[in-house]
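Written out below as structure tokens is the structure these notes cover.
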Amino acid sequence: MTGATIDRPPPEVGKRFALLALVGAAVALSLGVYASVHDPTLETPYTLWFTGTINLKVWFGTLALLLGGVQLLTALRLYGKIGSAERPPPWLGDLHRLSGTLAFAVTLPVAYHCLWALGYQSDDTRSLAHSLFGCFFYGAFVTKVLVVRAKGLPGWALPVAGGAVLTALVGVWLTSSLWYFTTVDFPGF
Amino acid sequence: MKRFVDVVQYLVLAGTVVFVLALFLNEPATPDEAATPPAPSAADQDDDAGDDEDTPVSVDGAAVYSDNCASCHGSDGSGGFGPALAAGAVVDAFPDPADQIAVITDGRNGMPDFGGSLSPEEIQAVTDYTRAEL
């Protein structure tokens, strides 16, 4: 970009990003449909090393949020928005990938119980928001992974996709773990 | 470091596949199927011939609670994604047991209705259990 000219990406670039966003939207929609159609089992199929499934979900959700925070900080450093003017250390990219991968991994047992045992719930505002954020999170995550691997997308595509994932994760946490901490209990492990 | 992250990503990818498959393959028996008792054998019918038909069937309220309520209200009733029931909380919320039975039967807010999956005896048993035992 030079002077007052605006560097607009060619239209096909925008279409490519829209296509990736549509794939993510399809994933989010599929999860929502599954959760709506599937009969909730209302079971607690696992606790891993926690004392209860609810404890597992509350703390795994919180861990995912913390790892999401690591994602944000490392991404800002990689983009040169924070820290020194020097180039970021070479391991920072790997740390960003690892924290994102682990954040996603710890959401899986949480989401499994939500989808399989509880299903899509819309009877109250919190449950509805949590259901929507949860579906949106996985759709945004798929879009972000595709954007990372896609070639020729504009520079804003990856931050937008990553921001959408983190926004969804924050929404999921606010409507589940934080709600639990503030209205029910501060559970042990 | 890069190779380690690659390995972790492949493992998580495999876990994601398992996650998706489990959603579809881990379907439990429907409540109606699970609740349907097996057809009595001829010997059973002979044994029952002298029984009083009105004899109430004993229902374990704790088992009903564990199977249907604990995932949301906590195994000890201390709450979860549903409110706490233990330590008299459910009695405070529903001084009249009939109101609690109505909520269990018809559902409310985020709580599903159990009128279609639990018998009246099971609902009564779990109501008694939550009020007296938790």
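The values are calculated or read from the model by the stated rules, or taken from the named source; none is laboratory data. In this text, all values refer to a predicted model and were calculated from it rather than measured experimentally. Heads up, the Cβs are rebuilt from the backbone with ideal geometry, glycines too, and the neighbour counts pull from every protein chain shown. To get the accessible areas, we keep the full protein, side chains included, count just its heavy atoms, and leave off ligands, DNA and RNA. Shrake-Rupley method; radii C 1.70, N 1.55, O 1.52, S 1.80 Å.
In region A:41-93, the convex hull through the Cα atoms has an average projected area of 5.4 nm², a quarter of its surface area. Which residues does the label zone of A:T47 cover in region A:100-134, counting backbone N under 11 Å from a point 7 Å along Cα→Cβ? Those under the cut-off are none; the list is empty. Each helix, a run of at least 4 DSSP H residues, gives -39500 (n - 2.57); summed and divided by the residues of chain A, these come to -22500 deg cm²/dmol at 222 nm.
Multiplying the residue separation of A:L128 and A:V33 by 0.36 nm and subtracting their alpha-carbon distance yields 32.8 nm.
Given R0 = 25 Å, the distance between the Cβ atoms of A:V148 and B:E27 translates into a calculated FRET efficiency of 0.15. Residue by residue along A:114-120, Cβ atoms of other protein chains within 10 Å of the local Cβ number 3 on average. Spin-label model, A:L76/A:L92: points 7 Å from Cα along the beta carbon direction are separated by 1.2 nm.
Take each peptide in A:174-182, A:81-89, count the other Cβ atoms within 10 Å of every residue, and average; sorted highest first, the result is A:174-182, A:81-89.
How many Cβ atoms of partner chains, on average, are near each residue of A:38-48 if near means within 10 Å of its Cβ? It would help to have the intermediate numbers written out before the result.
Values: counts 3, 6, 3, 8, 11, 7, 8, 4, 0, 1, 0.
Rounded to a whole number, the mean comes out at 5.
Taken as entire DSSP H runs, the helices of chain A that both span 30 Å or more between Cα atoms along their own long axis and average -0.5 or more on the Kyte-Doolittle scale are A:11-37, A:53-78, A:91-112, A:125-149. Where in region A:103-137 is the amide nitrogen less than 13 Å from a point lying 7 Å along the Cα-to-Cβ axis of A:T182? The answer is A:126, whose backbone nitrogens lie closer than 13 Å to the label point. Counting only protein heavy atoms and a 1.4 Å probe, tell me what percentage of region A:1-114's accessible area is made up of carbon and sulfur. The computed percentage sits at 69.
Measure up A:K15/A:K81; A:K15/B:K2; A:K15/A:K57; A:K57/A:K151 against 30 Å on the Cα-Cα distance and list the ones that go over.
As for pairs spanning more than 30 Å Cα to Cα, those are A:K15/B:K2; A:K15/A:K57; A:K57/A:K151.
I need the Debye-formula profile for the protein assembly as shown: one equal scatterer per C-alpha, no solvent, reported as log10 I(q)/I(0) at q = 0.07, 0.12 1/Å, two decimals. One equal scatterer on each Cα of the protein assembly as shown leads to -0.39, -0.91.
Phi angles of region A:177-182 translate, via the Karplus equation with coefficients 6.51, -1.76, 1.60 and θ = phi - 60°, into HN-Hα couplings of 4, 5, 4, 5, 4, 8 Hz per residue; Gly and Pro are given as x.
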